Each structure stands twice: as structure tokens, then as C-alpha cells.
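Reading through the C-alpha cells given below for one structure.
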Amino acid sequence: MKVFIWTITLILLLQCGISEGAPQPRDPTIRDCSATPPFVPPTAKISTEDLNNLRQQMRINNISAYIIPATDPHLGEYIANREKRRQWLTGFTGSSGSAAVTLTRAAVFTDSRYWTQAERQMDCNWELQKTISTSDIVSWILQELKDGDEIGFDPFLFSINDWQSYHSLLEDSGKILRSIPNNLVDEVWGRQRPDLPDNQIYSIPNQFVGSTWQEKVTDIRKQMEQHPQKPTAVLLSSLEESAWLFNLRGQDIPYNPFFYSYSLLTTDSIRLFVNVSRITADVRSYLTSSCPASPCVQILGYDEVRDTVTEYVKGNVKVWIGSSYTNYGVYEVIPKSKLVSENYSPIMMTKAVKNDKEQKLLKDCHIRDAVAVVEYLLWLEKSVPKGGVTEISGATYVDGLRAKQAYFKGPSFGTISAGGLNAALPHYRPDNQTDRTLNAGEMYLVDSGGQYYDGTTDITRTVHWGTPTDFEKEAYTRVLMGNIELSRLVFPPRTAGRVIESIARQALWEVGLNFGHGTGHGIGNFFAVHEWPVGLQTNNIPLTKGMFTSIEPGYYHDGSFGIRIEDIAVVVEAETKNLFGGEKYLTFETVTLVPYDRKLIDTSIMTDVQIKHVDKYYENIRKTLGPELQRQDLQEAFRWLEEHTRPLSCGPLLTAPIGVLIVTAITTLCIQLRMA
């Protein structure tokens, strides 16, 4: 017996030793640079030749290090493929992070969202630095350089703030930061680099714009005259600015209807810098007829902007810029004595406030967009329990529903379609590796939007087709309560969004919950889905009547589910008993017209005021969206809407089929009882 026990013990010890001492199997999707030879997965780019060629360019330019950010000259959220220099050189496709190359080492700097992705996409020529801090990038570079060495960068890819950060960190280092306007990665990329976009630049029909481009030019020139520093020109660098000023659109940027351009608007001239070959005869005529009291728009080549500004500032002039979107490449040629610099240009500040026509256009497009979303939620409700619907097929389906609506021009961003645990990642987008079949027993989050001639939309709804847990219902309801409390808030004019955004978190905070993303962003008329400078974040401008913002609290439970409820709202005047300071106070009017998931709402933890707020919102949805569903002969969707917008005081959804007239009668009775 003792021999048997010792034998079993020895076997167990050997197994433990083998288990602990044996090398763990390698993950075939992630590189292993410590192995001999180094292991590089097939998903990684082999960068040796390109990196050697870049270093040759560095030697030609007498620099010892080169910085490669993941931006384009216009510093926007999305960039065209030909501008993805860091991605092409390294293989790493994440949206955040920079690369730095010395004559002996190379590194990519990115945040925790992308560490695993970077290990899968880069070969062992690249070190992964788990930070995006400018000071860490500088510290890494300085390890390799000696006094007098020069660090090169493309000034068109640096914001003014980026340059100031690098300059201040290197100022006393004995190293020199040098602007090199000809991008060295482009020299290596050569003919492989994607061509300039050649799709059509077009003007928006007058029915979809708030003012003509001539009226806008007149208004901006009036602001120049009234400015204390009397600027003689406004330099427009953000792609939004030229698109807005001239009521022109393009397709250079994914999901954003912009075209690569700059503009220089002076007191007596208008210059548009663009790929001239893309200006059709119709657009040229559009820009050169019915001009204000000055020459018409002069169309110049896109690459002529720096030389033109250099020549212009030789005179007795002052150039007004918005520093947030002006790159260092054009900034550095303007003498500081001739510069008028503010965070945002007058174009950005003016377009932030929508006039009456623009407000109506945005509201109209949200009605049609809501039709598509209601159709989608109805389709999911019928299809998911039968099986076969995936995150990707769902995203494709909702995009297809939007495409049927009038004036549709494409999605406003890649749809976030997330079931179960995937929804716990706030910015998750499905791909072939992560795509899941939607399950009636799980939560589902869909964040999607459309571009239309008259506006841009963005909406998030979270639903459940089975029986949610008590915690899921409480979390959802508290997210909804936050949305309600911020939506109904009354606040003084010119209140900063950052001052009030915490109200959307209060119901979550009360039970120790929170979310880690922003609460609101601006949105425009056929523009970027994230339109600055409006919103509820630290660097947004104060809120004013006529601004549109999202209101989107959420909660994300790791490995289980995610919740976000996002509505678009316009800032309107509030009716108050008093009028402190003689100015109207402000509040929000929700323009999104899709009901929340009744199955996830626990009215027992809501206040009576909150329940009445939802009931009033639902009444507006029925009044506004119902007729459009009937006009499009979507009778099943109309019945679904009637059922799903019954006042919360009427209890749970009806399970048996019921005629529209009966539903309407019950709804009316419930409203009367609650409002009594």
C-alpha cells in the first residue's frame, strides 16, 4: 500500500513539475521577439525594407530621429488611406498612437486598447511602448541621440499644441527639433501610396442649406470687421470649415462628407485650395457667379497653401486662425505679430449654432432616420428568437433600412452592433473574428447613424428579447434616469457642458456605478457625426440656443453586457417663473424619436417626474413619427410603435395581438390618468 501511495505521489509531482517547467504553448496570433529566431505571426507586416529606406532618407536629411503621428494635415477624427503613414510603415492599424524611428531603433507608442492588436500586426523591428505620452516619446528618442542631433517631423502632421509640447520638452536637451515639409515616409511609400481622391466635389441643393455661401462669406467678413484685433484674413484648415463655408461636399474621408482643402478668406479675396482637377464646370460656375462685392472664389492647387500664406503675410495684414485645427506647417510661416489665434475659428463658432432652417432640416432627417431604426428593432424582435442573426448581419440590415430613406448619403460611422459580452466594450465593432450570433437571452446594443442631405444622425438603443436579470434592469433604468435628468435640466445661458454632464451620472453614482466615456458631442447638418466644438466635455464651448448635442450615458459590465442610451437634443429656451439677469434660461428638446426598451425599465426606482417625462416624450414620438410610418405604408411598424410608446404608467407590453384603435384608446386613457 505504501509503495502504491509513493508511486501516485511521484506521478503527481512529476506532472506538476512538467506542467510548471514546460514552456507554455505560443499564441500563434502574437509575435514573440524573444524567441530564437523571433516569431512573427502572418498578420504582421514585414517592415525591414521600408524601415531601411526610411533611415536612408533620414541620413540624406541629416536627422537622427523621425516622428510619425497617425494624423493628416487637417487633424480630424477620420483620415483617408493615403494619409495613414504610420499604419503603412508599421502595419499597426489602431487609431491612436505615434511611431518614432532612430537610426538604430524603432517604436510605436499606443494606449491599452491596442496593445494586443499591435503585437499581432507588427514585426520585431518595432518596440511596443505602452504609452501615448509626448514626454515618454521624447524620453525614448533622447536615449539614442547625442548633443546637436536633429529630430525631424512633418509640420503638416503636427498640431500647434503638439509642436509646443515637443518643443518645450526638447528645449534644454541639446537636441534640435526640425520641420521637414516633405514627408519622408511618402518618399519611401512612393507609387504604392494610394492616389489622391478623384471622386466628385459637389454643391448641396439650396433646399438643404441654412444660408448661401455668399451670405456666409458676408457674415464672416462682418465678424472680421468687428473683431478687436481687426484681422484681414481667416485661414481655414479644418475640412469642415471649407465644406461649410461653400456648401460643398465630397467623399475623401470615410463616413464624413468632406474633401481635402484649405481656404483663405480675406477682406477682398476668397481662395480655395483643392485638387483642381476635381472641380467640375458646374462647381466652378457655382463658385464664380452671384459673388459678393469682391472677386469670386479663386481655385488654387491644394499644395499651394503654404506658399500663398507666406506671400500674403509679407503685407500689412493679420491672419485669424483656430489653433485647434491649424497644423504647424501653415502656422510656422505666419509671423506672430501678424497672427490672431483663438481656439476655434469664426467658422467653427458660427456653424455650431444652427439657424431656424438648419434646425428644421436636422429634425426632419431624424424623423426619417427613426423610421429605419424602428423597422430594425421590429425586425430584430421577430428574427433573433428564431436564430441566425449575427452582429454583422444586423449592422448590414440597419444600414440597408436607412438606405431606403429619402436623401440618404451613407452611414455616419461604422455601426456598433454588440451582443452580450461584446457590448461591454463601449467602442466595439464586429469583425469576422468577433462576430457573435444574437441571443434572445442577452442584451444587445446598437449604436448607428446616417448621413442625409439635410442632416447627420446618431442613436444608441439597448434591448433585450428575453427575461433580463434584476441587475440588468436596474442598470438600464439608472442609465435612462441619467438621460432623463440631463434632458429635462434647466440651466443658465452660456453654461459649459462639462458643468452639467455629471447629472447624467448621478443615478449611477448613487449605487456605485459609472461609465468611462464622454456624455455628449455635437452633430451637424450632413457633417461629421462628432462635430466640434459643441458637446458636454471639458474642451467644448458653452451651450447656446440652437446647438445640437448627443446625450448618451451608459454602463458597461465587464464580460457580461453593456448599456448605452443615446439621444440627439437641441438647446432651446426654457419657460421659467423668474428671469434672473433678464435672459431666457435654456433646456434640451430631444429630436431622436425611438422608444426605449420597456422590458428593461424598472419604474419602481424612477420618480414620478421621470415617468411623466418619458410619457410626454412617447406622446411626441407617436404624434411626430406615427404619421411618417403611415405615409410610408409601414403598418406593422406603426402598430409596433403604438404598442411600444404606451405610457410607462400602463405597465408591461401587451402579449396578445391587439388592434391599433384599442392600443390608441388605452394610451389616451393612460395619459389622461397620469396627467390628471
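The values are calculated or read from the model by the stated rules, or taken from the named source; none is laboratory data. Quick caveat: nothing in here was measured; it's all calculated off a predicted structure. Ideal geometry is used to build each Cβ from the backbone, glycine not excepted, and the neighbour counts take in all protein chains shown. With ligands, DNA and RNA removed, areas are computed over all heavy atoms of the protein, side chains included. Shrake-Rupley method; radii C 1.70, N 1.55, O 1.52, S 1.80 Å.
Brief remarks follow.
- Relative contact order %, region 107-183, counting alpha carbon pairs below 8 Å whose residues are six or more apart: 30
- Among the trypsin sites (Lys or Arg not before Pro) in region 146-209, those located in a DSSP loop and surrounded by at most 10 other Cβ atoms within 10 Å of their own Cβ are Lys146.
- Calculated mean residue ellipticity, 222 nm, the chain: -10500 deg cm²/dmol, from DSSP H runs (n ≥ 4) at -39500 (n - 2.57) each, averaged per residue and rounded to 500.
- Only lysines eight or more places from Lys146 in sequence, or on another chain, were considered; those with a Cα closer than 28 Å are Lys130, Lys175.
- Share antiparallel - DSSP beta bridges, the chain, percent rounded to 5: 70
- Whether the chain is rounded, prolate or oblate, judged on the alpha carbon gyration tensor where a/c under 1.5 counts as rounded: oblate
- Point-to-point label distance, Val317-Gln229, nm (Cα→Cβ direction, 7 Å offset): 1.6
- Per atom type, the chain shows carbon and sulfur on 52% of its accessible surface, probed at 1.4 Å.
- Loop-located trypsin sites (Lys or Arg not before Pro) in region 348-416, at most 15 other Cβ atoms within 10 Å (DSSP): Lys404
- Residues of type lysines that Lys357 reaches as a straight line, Cα spacing below 16 Å, ignoring anything fewer than 8 places off in the same chain: Lys216, Lys545
- Entries in Lys599/Lys623; Lys404/Lys599; Lys382/Lys599 that, when Cα-Cα distance is taken, lie over 18 Å: Lys599/Lys623; Lys404/Lys599
- Cys291 sits with roughly 40 Å² accessible to a 1.4 Å probe, with DNA, RNA and ligands left out of the calculation.
- Sparse-neighbour loop sites [trypsin sites (Lys or Arg not before Pro); region 524-580; at most 10 other C-beta within 10 Å; DSSP]: Lys577
- Gyration tensor (alpha-carbon) shape descriptor, region 148-223, a/c threshold 1.5: oblate
- Anchor Lys230: aspartates and glutamates whose Cα lies under 15 Å away (excluding residues fewer than 8 positions away in-chain): Asp219, Asp268, Glu342
- Near Ile79, once Lys and Arg are set to +1 and Asp and Glu to -1 for all other residues with Cβ below 10 Å from its Cβ, the sum equals -1.
- Heavy-atom accessible area order for Asp27, Asp470, Asp602, largest first, 1.4 Å probe: Asp470, Asp27, Asp602
- Heavy-atom accessible area per residue - the chain, 1.4 Å, Å²: 44
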